[in-house]
Every structure is written in C-alpha cells, then in structure tokens.
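> Let me give you the structure first, and then I'll get to my questions.
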Amino acid sequence: RSVSRKLLFGGSSFRCNRLASTLAFVETNKEGSIVPSSLNALNAARGFNNDLVVVILGSNASKAASKLKSSIKCENLKKILVSTDEQFDNYLPEKVGPLLVNLLKDKEFTHFVTASSAVGKNVLPRIGALLDLQPICDITKIVDSKTFVRPIYAGNVISTVECTQAQKLIGIRASAFDPIAEGSSDTAVIEDIATVEGDSSSLQIEWENANLTESERPELSSASKVVAGGRALKDKATFEKLLTPLADVLHAGIGATRAAVDSGFCDNSLQIGQTGRVVAPDLYIAIGISGAIQHLAGMKDSKVIVAINNDPDAPIFKVADFGLQGDIYEIVPELTKKLEKL
Ligand code: FAD
C-alpha cells in the first residue's frame, strides 16, 4: 500500500509514492521476555501488510530483540530498533515518549501500534499529545488501514471509526487478536538507536519502585482458562478454598468481580470488567457472579462461558454457553473432584 506525498522541488512540484510502514512498540518484562500482549499487537500490526519496524526499549532490549527475531514468523518485519538505556526500564511515558515521538515525527511511519496494556494506555496519549494526533485505543478489529472497530460505553456499543490523520496511533485490545505465529524472521535487522533527551517533564520524574503481586498462575489477560469468583464467595478464605483447587486442576488464571475485590476476597489485580482487566479466554467459569454489565464488559468475549449461580434469573445466564443453576458450595467441589479424576 502506498501513500502519496506532494513534494516541492526546485520550484516545481511532483508526487512521490512513499511506502506505508508500521512502527510497533513491544514491551518486555524484567527478565527480558516479550510481554504476551505485545505478540498480539504484533499480529495486529502485521495485518496492515506494510513494512514493519519494531521498537524495544530498556536494559533487556537487545536480548529481547534477538529472542523476538528467532521466535516469530513475520515476513514484513524489516527492523528491530533497540535502545538498552536503562532510563526506559518501567516505561515511564515521560522517558519513553520523547524517543517514540522522535521516531514518528519525520512521518516515515504511517501507523504506530501498541497493545492497550497498562503501559500502552500510558504511553499512547502522551505521544498523541506531543504529535498533535488523536490516538485510537482498545481496537478490537482492523477493517482497513484507516478504519477500526472499538467498544464504547463499557462494551454496550461497538463503534467503527475512520481515522483521516496521516499517521494513525492505535492501541489494540490484546484479547481480540491472536498472537503472532511462531517461527523465525531471519531477514530482520537489529539496529541500535540513540537515546533522546526528554523535555523538562522527563527530568522531573524518577521511577521509585513497583509493588507487584507475584503469582505462579497464568497471567490473567493471556490465560486460556479463567476461573472467576464473585460476592457469593463470602470471604477471602472461602474464595481461596473454593477457587484455587479448581483453578489448579484446570491450570487456569483466577479472576474476580469488583464486589469480591472490594470485599477484600482477593487482590485488585484480579478484577475483571469495565474498571479491571479485559479477558477473552477459551474457557471462563463464573462462580457466584450475577453478571452486571460492568463485569460482562471484561469477559463476554470469552469463547466458552460457564456460569454457576443459584438464581435462575441471574443475567450471567444470558451470556453463558453452559449454565449450572445451584449452590456453588456443592457444585464447585464436585466439579473439581470430577476434573481431578480425568
Ligand atoms: P452480586 O451482584 O452480588 O452477585 C452475586 C451472585 O452470586 C448473585 O447472582 C447470587 O445469585 C449468586 N449467589 C449467591 N450465593 C450463591 C450460592 N451459594 N451459590 C450460587 N450462587 C450464589 N464489577 C466488576 O465485576 N468489574 C468491574 O470492572 C466493575 N466496574 C464497575 C464500574 C462502575 C462505574 C460501577 C458503577 C460498577 C462496577 N462494577 C464492576 C460493579 C458491578 O456493577 C457489580 O456490582 C458487580 O460486578 C457485582 O459483583 P458480583 O456479581 O460478585 O456480586
């Protein structure tokens, strides 16, 4: 696909065709592994059929770039730009923003793609403001190079937006795209890029620390199975006693409603919904969850939804593929036992 640009040259003008190209922002975790949602973002970015350039930042960037090159199959991946400057660890937008703006400002790239992760949602508006461009977030479908689908009003309305800006800054909802295929991209070149000094705002901000909840469980946003509990779980001990064995036997991630989080049954990083995580696993088991719209906004795109609830009129049954009406304290232990025997 090509984009026409009018150039003035020696007093006369002529049109030159410039190939469209995409810059994709790839995140790593502190061990240098690619964050799973970035693999979904790469698949979305690949869909534009443009030349693709990836940018990876932070002390582990070189290691991550080599790993990426040898682990994904992407014919249009031309370059992986790398800066190992440790100021980019933790992806503070004040630090990362100026470098990305520098890459985007000469308009070589027609598209900038990131996952709508916590980092992506933090970085995208800042570069949008600095470049005077409107970012488009939480995209669930790419119709063509300028038309995108995204949910609004907590997923109650699906809007299709057309972006007429020369450069499109987009954040994709990872759960709506498959990860990029595995393989290798041997022809891609890894290239170091120079650090860009930030503006005064970047000098005023320093990373202090992160207080993360460590878990052996699959990461909620990328888990293929999720077992989620609601207010019916009564307290923290009951939440853990009922949900953990089922999640263990299914190798599932554990999620919760806001009611469960607010009641202190579990950490708020487990909240699924409008103000929590958005998940779309192959299997979602909703245990003692009524199915409020704010919760559905975070899970209704799951492939198979199983709901266990004693209220036959609970709204969760309207989105469930399989509904078990009954007491969670009887059904869940019985289900767990049966699964353990398989
Ligand atoms: P309830 O609605 O109380 O449902 C409990 C269910 O358990 C009931 O259906 C009941 O029949 C069933 N039950 C009880 N005992 C048993 C039993 N023994 N066996 C079987 N079933 C039983 N919520 C979210 O989840 N995520 C969000 O991100 C979110 N964001 C919000 C944002 C805003 C601005 C607002 C206003 C609300 C938000 N909420 C969110 C809250 C949401 O509206 C609901 O209050 C919440 O999802 C309800 O959680 P619940 O299903 O666990 O609790």
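Read the figures in this text as sums done on the coordinates, not as results from a lab. Since this is a predicted model, take the numbers as computed values, not measurements. Note that we place each Cβ from the backbone using ideal geometry, even for glycine, and neighbour counts take in every protein chain shown.
> With the requirement that a residue be more than 19 Å from Ala118 (Cα to Cα) and among the aliphatic types (A, V, I, L, M), what does segment 262-306 give you?
Result: Leu283, Ile285, Ala286, Ile287, Ile289, Ala292, Ile293, Leu296, Val304, Ile305, Val306.
> Answer yes or no as to whether Lys318 is of a type outside the set (Val, Ile, Thr), in a helix (DSSP H, G or I) and within 20 Å of Ile158 (Cα to Cα). Spell out how you get there, then give the answer.
Values: of a type outside the set (Val, Ile, Thr): yes; in a helix (DSSP H, G or I): yes; within 20 Å of Ile158 (Cα to Cα): yes.
Criteria met by Lys318.
> Here's a follow-up. Is it fair to say Ala252 is in contact (Cβ under 8 Å) with a residue 60 or more places away in the chain, more than 8 Å from the ligand (Cβ to nearest atom), of a type in the set (Gly, Ala, Ser) and out of contact with any Cys (no Cβ under 7 Å at 6 or more places or on another chain)?
Working: in contact (Cβ under 8 Å) with a residue 60 or more places away in the chain: no; more than 8 Å from the ligand (Cβ to nearest atom): yes; of a type in the set (Gly, Ala, Ser): yes; out of contact with any Cys (no Cβ under 7 Å at 6 or more places or on another chain): yes.
Judged against the criteria, Ala252 is not a match.
> Would it be correct to say that Gly198 is assigned to a strand (DSSP E or B), within 30 Å of Lys95 (Cβ to Cβ) and touching a helix residue (DSSP H, G or I) at 6+ places or on another chain (Cβ under 8 Å)? Outline the logic, then answer.
On the way: assigned to a strand (DSSP E or B): no; within 30 Å of Lys95 (Cβ to Cβ): yes; touching a helix residue (DSSP H, G or I) at 6+ places or on another chain (Cβ under 8 Å): yes.
Considered against the rule, which asks whether it is assigned to a strand (DSSP E or B), within 30 Å of Lys95 (Cβ to Cβ) and touching a helix residue (DSSP H, G or I) at 6+ places or on another chain (Cβ under 8 Å), Gly198 comes out as no.
> For the list (1) surrounded by 15 or more Cβ atoms within 10 Å (Cβ to Cβ); (2) in contact with a strand residue (DSSP E or B) (Cβ under 7 Å, 6 or more places away or on another chain); (3) over 19 Å from Ala45 (Cβ atoms); (4) not basic (Lys, Arg), I need the number of the one condition that Gly155 fails.
(2)
> Across segment 256-306, which residue is surrounded by the most Cβ atoms within 10 Å (Cβ to Cβ) among those that are assigned to a strand (DSSP E or B) and either within 16 Å of the chain's Cα centre (by Cα) or near the ligand (Cβ under 9 Å from one of its atoms) (or both)?
In the first step, residues of segment 256-306 are kept if they are assigned to a strand (DSSP E or B); the result is 256, 271-272, 277, 283-287, 304-306.
If we keep only those that are either within 16 Å of the chain's Cα centre (by Cα) or near the ligand (Cβ under 9 Å from one of its atoms) (or both) as well, we get 256, 271-272, 277, 286-287.
On the way: Ala256: 32, Gln271: 23, Ile272: 30, Arg277: 20, Ala286: 30, Ile287: 27.
My answer is Ala256.
> Check Ile158, Ile152 and return the single one that is within 16 Å of the ligand (Cβ to nearest atom) and free of Cβ contacts under 8 Å to residues at least 24 places away in the same chain.
Details: Ile158 fails: within 16 Å of the ligand (Cβ to nearest atom).
Only one candidate passes the filter, namely Ile152.
> Give the number of residues within segment 193-244 that are more than 16 Å from the ligand (Cβ to nearest atom) and of a type in the set (A, V, I, L, M, F, W, C).
Looking only at that region, the number is 9.
> Still on this structure, I have one more. Could you give me the residue pairs with C-beta distances under 7 Å whose first residue belongs to segment 258-277 and is touching a residue at least 40 places away in the same chain (Cβ under 8 Å), whose second residue is more than 10 Å from the ligand (Cβ to nearest atom) wherever it lies, and which are 6+ apart or on separate chains?
Asp267/Thr213; Ser269/Thr213; Leu270/Leu220; Leu270/Ile254; Ile272/Val279; Arg277/Leu220; Arg277/Ser221
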